[in-house]
1. Taking into account only those residues within the range 136-157 that are over 18 Å from ILE186 (Cβ atoms) and assigned to a helix (DSSP H, G or I), which is most open to solvent (accessible area, probe 1.4 Å)?
2. Would you point out which residue out of GLY263, GLY232, GLY286 is open to solvent by less than 50 Å² (accessible area, probe 1.4 Å) and without any contact (Cβ under 8 Å) to a residue 40 or more places away in the chain?
3. Taking the condition of being more than 13 Å from the ligand (Cβ to nearest atom) and open to solvent by less than 20 Å² (accessible area, probe 1.4 Å), how many residues in the range 49-60 meet it?
4. Hey, any hits in the range 85-92 for a residue that's part of a loop (DSSP other than H, G, I, E, B) and open to solvent by 10 Å² or more (accessible area, probe 1.4 Å)?
5. If the requirement is being open to solvent by 20 Å² or more (accessible area, probe 1.4 Å), within 16 Å of the ligand (Cβ to nearest atom) and over 19 Å from ALA277 (Cβ atoms), which of these qualifies: GLU132, GLU118?
6. Which of the residues belonging to the range 158-171 are open to solvent by 10 Å² or more (accessible area, probe 1.4 Å), part of a helix (DSSP H, G or I), more than 16 Å from the ligand (Cβ to nearest atom) and farther than 20 Å from ARG23 by Cα?
7. I'd like to know if the range 7-29 contains one or more residues that are more than 16 Å from the ligand (Cβ to nearest atom), aromatic (Phe, Trp, Tyr) and assigned to a loop (DSSP other than H, G, I, E, B).
Amino acid sequence: MRVRILYHDHCFDGAASAAFFSRLAGDQFYPGAEFCFTGMAHKASQLFEPELFDGDVNAIVDFKYSPDPRLTWWFDHHQSAFLSAEDAAHFRKDTSGQKMFDPTFRSCTMYIATVAREKFGYDPQDLKELVEWADIIDGAQYTDPQEAVELRSPATRLTLVIEGSSGSETVQKIIRMMRHQKLEEIAADPGIQLIYKPLYERHLRSMDVIRQQARFEDGVVYFDLVGHDLEGYNKFIPYYLFPQSTYTVSVSTSSFRTKVSVGSNPWVKGPLKYNLATICERYGGGGHPRVGAISFPIGAIGQARQAALEIAAELRR
Ligand SMILES: [Mn+2]
């Protein structure tokens, strides 16, 4: 029996969701199953190639819905969970009881853990730390920008590795470790340390670059990282540098896309004026009310910059 798990790649919550779901699946439903993981990224072209669903059981966690009949399980908490109105209608007709969506959860890991406990009576005590940290990280519940940026806890150091490592191999190694090991142990693993060190240097460099590039005006921090190869920078750096800011808009590039990121300062108290997922959806992107993104094709830098400038102008109003 092979269980294929598609998860949101380069995201702590995506990795933790994959680890938690694989434990639920192995302990409660498919004993002895072999788990295979596939990291999913938002991109401008087709998301789900048909050959992705190659398991006896196929699951998607912390990522968009697919109407593919081979999909067995689905858990997501993103406001923009459906690629189309047809997909949303397809989900509403589902009768399996194994496709679940609740955008009120701060993290998909907490969502899966809650459903596992309430619906399936599964409550693994050894994964409590993982679930709590996923909720802090994905829900931006850090005490202050220092906690998020200075990387003093194992979970924040692992976040740097998960967000910054190239390819999916390292993230999948971490997912397999998350199934049974403490975060402290994983972060201290010599193989993970080897990847962490250069990423930490890059993290420090990204702070310098953002400090140089950023323009702060009417509550909005705007910066352009095109040419700096810094996609996956720590998204709390702008609020560490500009604690009085409310929103961040940035443009960055990677090997497979040009990305506009739109975020809000989690330490600003009270409701925000704009829903960032809704703004990003207008440009073909999505996310959550307080953080969103838009993916453009490689090379579509002009188009991405125009969208970013328009959004920054809107947020300054
Ligand atoms: Mn998530």
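1. Of everything passing the filter in the range 136-157, GLN146 is most open to solvent (accessible area, probe 1.4 Å).
2. GLY263
3. Quick first cut of the range 49-60, residues more than 13 Å from the ligand (Cβ to nearest atom) only: 49-59.
In the following step, the residues that additionally are open to solvent by less than 20 Å² (accessible area, probe 1.4 Å) were identified as 53, 55, 57-59.
Matching residues across the range 49-60 total 5.
4. Looking through the range 85-92, none of the residues is part of a loop (DSSP other than H, G, I, E, B) and open to solvent by 10 Å² or more (accessible area, probe 1.4 Å).
5. GLU132
6. LEU160, GLY164, listed by residue number.
7. So far as the range 7-29 goes, no, none of its residues is more than 16 Å from the ligand (Cβ to nearest atom), aromatic (Phe, Trp, Tyr) and assigned to a loop (DSSP other than H, G, I, E, B).
Yes or no, residue by residue, for (1) under 21 Å from ARG106 (Cα atoms); (2) open to solvent by 30 Å² or more (accessible area, probe 1.4 Å); (3) touching a helix residue (DSSP H, G or I) at 6+ places or on another chain (Cβ under 8 Å); (4) among the charged types (D, E, K, R):
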{"residue": "ARG205", "(1), (2), (3), (4)": "no, yes, no, yes"}
{"residue": "TYR247", "(1), (2), (3), (4)": "yes, no, yes, no"}
{"residue": "LYS269", "(1), (2), (3), (4)": "yes, yes, no, yes"}
{"residue": "VAL291", "(1), (2), (3), (4)": "yes, yes, yes, no"}
{"residue": "PRO297", "(1), (2), (3), (4)": "no, yes, no, no"}
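The values are calculated or read from the model by the stated rules, or taken from the named source; none is laboratory data. None of these values were measured; they are calculated from a predicted model. Note that each Cβ is placed from the backbone with ideal geometry, even for glycine, and that neighbours are counted across all protein chains shown. We work out accessible area using only protein heavy atoms, side chains counted, and drop any ligands, DNA or RNA first. Shrake-Rupley method; radii C 1.70, N 1.55, O 1.52, S 1.80 Å.
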